[in-house]
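Bear in mind that the values in this text are calculations on the coordinates, not laboratory data. In this text, all values refer to a predicted model and were calculated from it rather than measured experimentally. For neighbour counting, all protein chains shown are included, and Cβ atoms are generated from backbone atoms with ideal geometry for every residue, glycine included.
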Amino acid sequence: MRAHSNVGRLAVVGVLVALVAGACGNSKSQTAPQTVPSNTGPVATTVPKADLTKFVTGRGPGVDDTKKEIRVAAITTQSNPIGGKYVQFNDGLQAYFDMINSQGGIYGRKLVIVKKRDDTIGLQNNQQVQSSLADDNAFATFVATLQFTGADLLAKAKQPTFIWNINPEMATPKGGPSHDNIFGSLGALCFSCSEKFLPWLASQAGFTKVAVLAYSKSTSASSGLCAQGFKNSYKTFAPNIKVVFFDDSLPFAADITTDVTRMKEAGVQFVSTCMDTNEVTKLAKEMKKQGLNAVQNLPNGYDHDAISQSGGVFDNSYIEPQYVPWELMPQSPATKEFLDWTSQHNIKPVELTEVGWIMGAMFLDGLKFAGPEFTKQKVIDALNTQTAESPGGLIVPIDWTISHIDPTNDPAAGGKYRCASVLKIQGGKFLPQFTEPGKPWICFSPDPNVPLPKDPQHLSFAPGGQG
Amino acid sequence: MEKLLGALIDGVAFGCVYALLAVGLTLAYKTSGVFNIAFGVQAFASGAIYYQLHVNDGWGILPAFIISVIIVAPLIGAILDRFLFRHLRSAPSMARLITALGLLVAIPQIVLLKFNQTEATRPTGIVPGGDVPYHIFGATLSRDQLSIMVCAVIVAVGLVLVFRYTALGIRMRAVVESPRMAELAGTDADRIGTAAWMLSSLVAGLAGVLLPTVTSQVGDIYYTTLLTAAIAATVLGSLTSIPLAFFGAIGLGVVQELLNRYLPTNSVLASNLRPSLPFVVLFLVLILSPRLRNKRELTDPLSSVDPPPPAPAAGQRSRELTIGTRVAGVLFGLGIGYYVFFHGNASVVGQGIQVVIYSIIFCSIVVITGIAGEVSFAQATFAGIGGFASAQLSSSAGMSVIFTIIIGGLIAAAVGAMLAIPALRLGGIFLTLATYAFALFFDNVIVSLSWVSGGLFPVVAPRPQLGSIDFASDRSFLVLCLVFLVIVGVIVMQVRSGTTGRYLSAVRGSEVAAASVGISPTRARITAFALSAGIAGVGGALLASYEGHANKIDYNATLGLFWVVIVVTLGSRTVEGAIQAALGFVLFSARVLPDWIPWIINHVQPFLHVDSLPNAVQFIFFGFGALTYAKHQEGILEANKVKSLAWVQGKIDRFKSGGRTKPGAAAVDTPGAAP
């Protein structure tokens, strides 16, 4: 099963025999409120260039002054008898560190992954986190696993932690320790919040009858919440668009024949799902078989291999990558840097590779913001003062001053940037949609009282607004 | 009317998917006496090879089909028969089930060493143009679906004919009934057995290449999920009737499709019933079907002349050796304890806690499997019941955590007893399947309730406090867990050596004979189930408290299968065995694979640097370990302990006699040794 991503709501799905990851699209927010200067990159703490090479000893655990290393540990699901493997996250992280090291590293030190731990199905997450904290002597920890049960341990240890955002643990749980040390590739996840992007997309494409499909609660708790969020989004922001078919009771590996029959009878034009790639592939094939010409929105579909080999079943479907799409021209310097480096070093660039790369870059940002006398706590604190963190402008800026709060009950925690970048699949290729040159993100006001705009803002968050 | 007809046809089409698996599973049981829970992963092996050859390497359909289905699948069957199941013909059905369980754990990992299932998302069937649709009475069926339906019918009809009208079919059944009697009648049991395994593996291979067109991916999880659903149909046929399994599977598909069609999709009923229907059906059939009432399992009537399994090593050694081993054990335990408490870092202490908690949970398997002789696939579920109950009571109701841990155990015990009561009339494999159905139902329905598991965020499970003693720190919590382990260990040992244990042993040996001397098998089994579930519940509650949350992943039914595998591999008859299994379960992934083995590899040679070994190795290791269960039902470690003790005892006797070897000095019997 491939990696799951999506601009915003990502879910992890537990399944009977095991676990499958599923994702739900829609998004995290995208805000480009009037307070955001359009077409400019986020303002980040600036660090004097000379300071970046300054070597200050005694930086604490995880920083080896003799070997001149900043050591990190990675915990990823590498062998999983029942679902996803996320080892490409490590590839992306390693690639980013290699690039930085080739440029001299930071503060006179190299960035080194000292241990790559395997966390089978997330089952040993707690155990691996504990072992890593005790044994790896790592300055920071990177996590890409199906389950993140070790989040509290990392929080208690105040360990700078960088995760692939498929889990909601970035937010501080009710009654648990503060998770302000945990940073993800997306802002705070809200599975059930109403958002504007999807209704806007449906209305732009002229759809008035939509369907929403999700796994049953037993298969994935987040999938059902995600579906409910979609439903509410249409109801709140586009009352003229009707959800004519809604099913949040699909078992894993379900037969979806009848769902498609019923969708056809209801005249569905647009389908939003909170399911993993395999299920949407099955859905696409069944729709084709039954002659239902509805368009899918594929939150997890940014998989070049899978789409190019899908035999055209996804043609006309929409995709929202969680970072600046590679297809957008002119490519942003950060995108180009990633693609060039991976190409030169024979690393296959996939979605998860770029997520690993981005999280490496976010860590580096944290170090830069903390300054030459960095410590673990200083990195955490420095990042948490950032109101628009977006390494190289690759992702929608995250406001770390509020993104450790669960936005389910506090929508403001979703941040002020509610943006998405849209691609359409044609002939096995991704074509950018609704974009302006150099401005990959389509952004909306987070204020629920502001109606759906006909022409939302187009923004770039790259330094200097270069795409 | 057209809608109904369309739903019925769609139901029959999907029912044929179940049918192919249900018929294959029935065939395996009928021809080998093995409830081959690994049938799905055998299918996966063929499916992976077909995908690799046809899709990845561009081979034509026919050559890829011949290699994967006609050649490799039967070859796998022949290998399994030759090296495993041939030696298990007279073994108890539980031994055969455990062996199949080992294969279920190991085979996918072996296939995945070479096959990337995450990218196997473009499966094609065995007919060109598989996507071409045909409109039939309101339903739309693809050519691939039609090919599955045709194959399912051909397989079912063909097998019925083979068993009814051919000598081979009758001989296959005879060999399963009693290989010794069949051989007395001039049948080559080995050859027939091999043929039977090759035939059932052929069906698995066929299912392997056909089913991915339905699931859209070649992944072991899909085969196993579909197989789990197909078990209900297999049980409808009492594991032996191919026509009933076939029609049961079709019926299941039709009912599912009708529910899909007519239930409101966002109703509570739909969201609970749709994912759990196969397990509800399975449980109900097991409980209610008169055909299964005290159904005799396929076992060799002559097997009763086989000697009973050897007594535990602890029961065979001499007094000096007992004292010696106990002193050594205590010293070793104290040494480890000293290191963990006074020198171990947080990781070591954490692993120590996990070893102790899993030892408690695994003691529940000692009770139900090692003492009562039954196999339960619901031990993880019972642990979950204890974990969720304790977490909810402590965090929501504010009750004392220590108290909630005990209540969690009592609730799990009550559920275990309630499960045992209706399931008691079942024996052996059917009882095991009932526990499995219950576990899957729990996973699919109960766990999804937010008042049980907490929903998206797991329920917080605080650490206990006893008066002024706070167990918030890991070291103090380890002490508490050790206290629980000692209590549980003493209970288990008392049960084993006390009246209940003797009753259970008697029932295990011969239920009828036990009843004739006034022992109530019902009472004995309910006691075993309740005690076992209660112990698992206490362990589950401690696990939640240790982690700070009751995480549902920790109590997944599939995980429970792996627990059974690891405990029976290392020793399911003693508390010691449970502790060894816990050590293996925790340390393999925490230490052995990421640290110890790489350290050894990196220090013995300069060419290859290994950072960490994948956890897949653990599954292969213990999966294969379970294959030894039939030979060493006491567990590998226990078996080797018996051998070691015999050796040591020989040395002691030799020393005592001044170097002269006394006839019959080896006081400890080696299992399997000639009398």
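For the reader, a short list of remarks on this structure follows.
- HN-Hα J in Hz across segment A:189-205 - Karplus 6.51, -1.76, 1.60, θ = phi - 60°, x for Gly and Pro: 8, 10, 6, 10, 6, 7, 10, 8, 4, 5, x, 5, 4, 4, 6, 4, 7
- Using a cut-off of 18 Å between Cα atoms, the listed pairs A:336/A:424; A:235/A:282; A:67/A:110 include A:336/A:424; A:235/A:282 as exceeding that distance.
- Shape category assigned to segment B:92-140 from the gyration tensor of Cα positions, a/c cut at 1.5: oblate
- MRE, 222 nm, helices only [DSSP H, n ≥ 4, -39500 (n - 2.57), over the protein assembly as shown, to nearest 500]: -16000 deg cm²/dmol
- Sorted largest first, the principal axis extents computed over the alpha-carbon atoms of segment A:352-415 equal 38, 27, 16 Å.
- Debye intensity ratio in log₁₀ form over the Cα atoms of segment B:2-299, taken at each q of 0.07, 0.08, 0.14 Å⁻¹: -0.26, -0.34, -1.04
- Where only C-alpha atoms are counted, convex hull volume of chain A per residue in Å³: 125
- Based on C-alpha pairs under 8 angstrom that are at least 6 apart in sequence, chain A has a relative contact order of 23 percent.
- Note on residue B:641: lysines with a C-alpha under 30 Å away, same-chain residues under 8 apart excluded, are B:631, B:651, B:656, B:662.
- Segment B:443-506 versus segment A:204-268: alpha-carbon centroid distance in Å: 41
- Sequence-ordered 3J(HN,Hα) estimates for segment B:91-106 from the Karplus curve with 6.51, -1.76 and 1.60 and θ = phi - 60° stand at 6, x, 4, 5, 5, 5, 5, 4, 4, 5, 5, x, 5, 4, 7, 8 Hz, glycine and proline given as x.
- For chain B: relative contact order, % (alpha-carbon pairs under 8 angstrom, 6 or more apart): 19
- In Hz, Karplus ³J(HN,Hα) per residue of segment B:482-499 (6.51, -1.76, 1.60; θ = phi - 60°; x = Gly, Pro): 4, 4, 4, 5, 4, 4, 4, x, 5, 4, 4, 5, 5, 4, 5, 8, x, 4
- Amide proton proximity set for residue A:69, modelled H, under 5 Å, gap of 5+: A:64, A:110
- Evaluated at q = 0.04 Å⁻¹, a Debye calculation over the C-alpha positions of the protein assembly as shown (equal weights, vacuum) places log10 I(q)/I(0) at -0.21.
- Prolate/oblate/rounded label for chain B (Cα gyration tensor, a/c 1.5): prolate
- Straight-distance candidates among the aspartates and glutamates for linking to residue B:552, with alpha-carbon spacing under 18 Å and chain neighbours fewer than 8 residues away dropped: A:119, A:152, A:169, B:443.
- Relative contact order (percent, whole number), segment B:2-299, Cα cutoff 8 Å, 6+ residue spacing: 38
- Inter-chain Cβ neighbour count for A:240-253, averaged per residue, equals 5 (cutoff 10 Å, partner chain atoms only).
- Exceeding the 22 Å Cα-Cα cut-off - candidates A:217/A:285; A:116/A:429; A:196/A:289; A:156/A:378: A:217/A:285; A:116/A:429; A:196/A:289
- Global form of segment B:353-587, assessed from the alpha-carbon gyration tensor, a/c cut-off 1.5: prolate
- If R0 equals 56 Å, the separation of the Cβ atoms of residue B:469 and residue A:436 corresponds to a calculated FRET efficiency of about 0.30.
- Shielding by other protein chains, B:216-228, mean Cβ within 10 Å: 6
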